[in-house]
Structure formats: C-alpha cells, structure tokens
Amino acid sequence: MENRNFTRVDFSDGASISYNNHLVWGTVENLSLQGFYIRTSSTVKPDMPLDLPLDVTIYHPPHSSINVRASTIHCEEVGMGMKIDELDADSFVRLVDAVSLKSNAPAMIMSETYKMANYVKIVND
C-alpha cells in the first residue's frame, strides 16, 4: 500500500537528468508537488546515485520548462522515482499549475502547495 503525502497525477512530458557528465532522457509518467517518476529512454546506468540531488528539467509545453534539483529515491532499469529537493520560484509556479491542471481536486492541490514549503527549498533565480 502506498503512503503518499502529495497527490500524484498522470503526466507525459519529456525530461532530462544531468549527472556525472551524463545526460539521461525520459518521460515523466506521474507528477506531484513533491516528486515524480521518470521512465528513461535508455537503460539507467548502474552508477546512478541514490539520495544525491541531480539537475532535472521537465519540458512542459506550452509553458517554459520546470527546473528542479531532485534526489533519486529508487532506480529501476528503465526508470526512477525522484523526490524534489529544490526549485526556483518560476518553476514552483509552473509545477503547481501542471499538477493543478491534471488534478480533479484543486482545493487539495492548493492545500498541498502550502505544505510543500516544509519539504522543498524554493530559491531565487
């Protein structure tokens, strides 16, 4: 049984993960204000670090990209679960909008937005 603190929504936008001079491409399959699951376009390298913040860009048209620092929580051969650690204010707004648009419970997402401040560092650009 899953024990989630934030609502997850189905999602299907492209993303890239940058680490150790590698760039991994994939598709974000589900998204919350606290994290996401990304299915990668190639086998994830076995040296993918766990619990180390990585730079992730979620390409969310027609809006600008959502740029986050996220830690890999679990890693599978073709994907990984990631927890958002840090993002800039513009990406924060775009993330909230993206989740709100896909959710059927906007009041819950608004409540989670306030709760998110306890889990994620929001930085200036």
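The values are calculated or read from the model by the stated rules, or taken from the named source; none is laboratory data. Fair warning: this is a prediction, and the values are worked out from it, not measured in the lab. So basically every Cβ, Gly included, is an ideal-geometry build from the backbone, and we count neighbours across all protein chains shown.
At a glance:
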quantity: Candidates THR27, THR7, THR40, filtered to the one that is of a type outside the set (A, V, I, L, M) and under 23 Å from TYR114 (Cα atoms); calculated: THR7
quantity: Criterion violated by ASP97 - all others in (1) under 20 Å from ASN124 (Cβ atoms); (2) in contact with a strand residue (DSSP E or B) (Cβ under 8 Å, 6 or more places away or on another chain) satisfied; calculated: (2)
quantity: Boolean, GLU86 is more than 23 Å from VAL123 (Cα to Cα) and among the charged types (D, E, K, R); calculated: no
quantity: Matching option when the condition is in contact with a strand residue (DSSP E or B) (Cβ under 6 Å, 6 or more places away or on another chain), among the charged types (D, E, K, R) and over 21 Å from ARG4 (Cβ atoms), among ASP55, ASP85; calculated: ASP55
quantity: Qualifying residue in segment 37-45 (condition: surrounded by 13 or more Cβ atoms within 10 Å (Cβ to Cβ), modelled with pLDDT under 85 and among the hydrophobic types (A, V, I, L, M, F, W, C)); calculated: yes
quantity: Residues of segment 7-27 satisfying the condition of being over 11 Å from LYS102 (Cβ atoms) and touching a residue at least 12 places away in the same chain (Cβ under 8 Å); calculated: GLY14, ALA15, SER16, ILE17, SER18, TYR19, ASN20, HIS22, VAL24, TRP25, GLY26, THR27
quantity: Single residue of segment 46-62 satisfying the filter (at pLDDT below 90 and surrounded by 15 or more Cβ atoms within 10 Å (Cβ to Cβ)) that is farthest from ASP88 (Cα to Cα); calculated: MET48
quantity: All positions within segment 65-112 that are among the β-branched types (Val, Ile, Thr) and either buried (at least 18 other Cβ atoms within 10 Å of the Cβ) or without any contact (Cβ under 8 Å) to a residue 40 or more places away in the chain (or both); calculated: ILE66, VAL68, THR72, ILE73, VAL78, ILE84, VAL93, VAL99, ILE109
